[in-house]
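Report on the structure given below.
The values are calculated or read from the model by the stated rules, or taken from the named source; none is laboratory data. Given the structure is predicted, the values throughout are model-derived calculations rather than measurements. All Cβ positions, glycine included, derive from the backbone under ideal geometry; neighbour counts span all protein chains shown.
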Amino acid sequence: MLDAIVVGAGLSGLVAARTLRDAGRSVTVFDKGRSVGGRLATRRIGDARLDHGAQFMTVRSDTFAAQMHDWSERGLATVWCHGFGDGDGHPRWVGTHGMNALAKDLAVGLDVAVDHLVFSCTWEHDHWVVTIDDGQRHECQVLVLTAPVPQSFSMVFETVELPRAMMASDPHRTVCLLAVLDRPSLIPSPGGLPDPNDDVSFIADNAAKGISPVPAITLHASPTWSRDHWNDEDLGEQLIDLAHPWIGTAHIVESHVKKWRLATPTAIWPEPYWSDTDHRLVLAGDAFAGPRVEAAHDSGLAAGRAAVSLCTPHR
Ligand SMILES: Cc1cc2nc3c(=O)[nH]c(=O)nc-3n(C[C@H](O)[C@H](O)[C@H](O)COP(=O)(O)OP(=O)(O)OC[C@H]3O[C@@H](n4cnc5c(N)ncnc54)[C@H](O)[C@@H]3O)c2cc1C
């Protein structure tokens, strides 16, 4: 039996798993995606490289500062800018090769099984049985769930009652346009604009950001626009219309639409993790302490430490 299973190979899950492994614990991470990273997502389209989830990172805590220092020393993270518009002086960090490369870095040396959708987790007397959608069953002492809360809830609701306040969340959606251009965009320096109007929450130029060798933009529609247009058949054309002021006369070489159904939690649990010690269960992720990359990191770290303390002591 494994000491721990972590569900979710986003930033929080990978950090939790590394914390368990570094404490000498056996741990496997399962993720339903084709690759690690979750919302730290980067896509190649031809020669272009585009971040389509998180666009940049801020650093406030000492723990995330230490992680960023390590990535920066190894050339994996760099400062994009010090704010947008007039700037506020605080560094905005990006993955030098895209945000997803940071997740891949954290996954090195871990036992991670992607393309494994966790279907249910049941408590059997003194341990967890985690069932994958293909019927595989895996046993562990401690279970760490780092999927967005609605997904984590669906895995354990038969065993554990989660606090109502944690469930009172209707996560925001985000629809995203990825477009490769034949010439630079009109997005002003430094190549990112937060909330340029009511319909757009962020637009970025991945070339100006330094991660794409060719001009390529990422547009995130606002939560309201995303909800109202979620099922529109002509979503791609409408998103291109939204991006038009920053595309100008450039020709779109190729474009794609990505929908983030659980993009941003709206109810934030005030602690970095939640645990049920009777059932050796820990919940973590960006719904704990804040919907940002750094919060997901620090939540994963705190959850990993809590999970270590729930494991049976080494003999
Ligand atoms: C469009 C967008 C823009 C953003 N921009 C920024 C930004 O600029 N700056 C910033 O700081 N933050 C930003 N964020 C937020 C940031 O990306 C997240 O806070 C952070 O990446 C969350 O990490 P996580 O580990 O908590 O969750 P996730 O990255 O979502 O990881 C959870 C993982 O669980 C897996 N999973 C779910 N259900 C199952 C299941 N049943 N079985 C197996 N695996 C499962 C998923 O596949 C996923 O990989 C943005 C997010 C989005 C969506």
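So the values come out like this:
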read-out	value
Given (1) more than 19 Å from the chain's Cα centre (by Cα); (2) free of Cβ contacts under 8 Å to residues at least 60 places away in the same chain, number of the condition ASP105 does not satisfy	(1)
Which numbered condition VAL36 fails, given (1) within 15 Å of the ligand (Cβ to nearest atom); (2) modelled with pLDDT under 95	(2)
Single residue of region 157-200 satisfying the filter (more than 20 Å from the chain's Cα centre (by Cα) and of a type in the set (S, T, N, Q)) that is surrounded by the most Cβ atoms within 10 Å (Cβ to Cβ)	SER185
Cβ-Cβ under 6 Å pairs, at least 6 apart or on other chains, region 177-206 side in the same structural domain as SER226 (by TED's automatic domain parsing) and more than 16 Å from ASP51 (Cβ to Cβ), far side of a type in the set (Phe, Trp, Tyr) and modelled with pLDDT of 95 or more	LEU186/TRP246; ASP199/TRP225
Cβ-Cβ under 6 Å pairs, at least 6 apart or on other chains, region 264-289 side at positive phi, far side among the hydrophobic types (A, V, I, L, M, F, W, C)	ARG280/VAL142; ARG280/LEU310; ALA289/ALA295
Hits in region 257-285 (condition: farther than 30 Å from ASP234 by Cα and in contact with a Ser or Thr (Cβ under 7 Å, 6 or more places away or on another chain))	ALA267, PRO272, TYR273, HIS279, LEU281, VAL282, LEU283, ALA284, GLY285
Residues that are of a type in the set (S, T, N, Q), assigned to a loop (DSSP other than H, G, I, E, B) and either touching a Leu at 6+ places or on another chain (Cβ under 7 Å) or surrounded by fewer than 16 Cβ atoms within 10 Å (Cβ to Cβ) (or both), drawn from region 133-154	GLN136
Pick from region 117-132, criterion away from the ligand (no atom under 16 Å from the Cβ) and part of a strand (DSSP E or B), ranking: surrounded by the most Cβ atoms within 10 Å (Cβ to Cβ)	TRP123
Test: residue in region 246-260 that is on the phi > 0 side of the Ramachandran plot and exposed (fewer than 15 other Cβ atoms within 10 Å of the Cβ)	yes
Check on VAL160, away from the ligand (no atom under 12 Å from the Cβ), β-branched (Val, Ile, Thr) and in contact with a Pro (Cβ under 8 Å, 6 or more places away or on another chain)	no
Hits in region 59-86 - residues which are within 16 Å of the ligand (Cβ to nearest atom), exposed (fewer than 14 other Cβ atoms within 10 Å of the Cβ) and part of a loop (DSSP other than H, G, I, E, B)	ARG60, HIS82, GLY85
Single residue of LEU193, LEU178 found to be aliphatic (A, V, I, L, M) and in contact with a Leu (Cβ under 9 Å, 6 or more places away or on another chain)	LEU178
So ALA216, is it crowded, with 22+ Cβ neighbours inside 10 Å and outside the structural domain of LEU11 (by TED's automatic domain parsing)	yes
Single condition GLY24 does not satisfy, out of (1) more than 8 Å from the ligand (Cβ to nearest atom); (2) on the phi < 0 side of the Ramachandran plot	(2)
Number of the condition not met by SER12 [criteria: (1) under 17 Å from ALA302 (Cα atoms); (2) more than 9 Å from the ligand (Cβ to nearest atom); (3) of a type in the set (S, T, N, Q)]	(2)
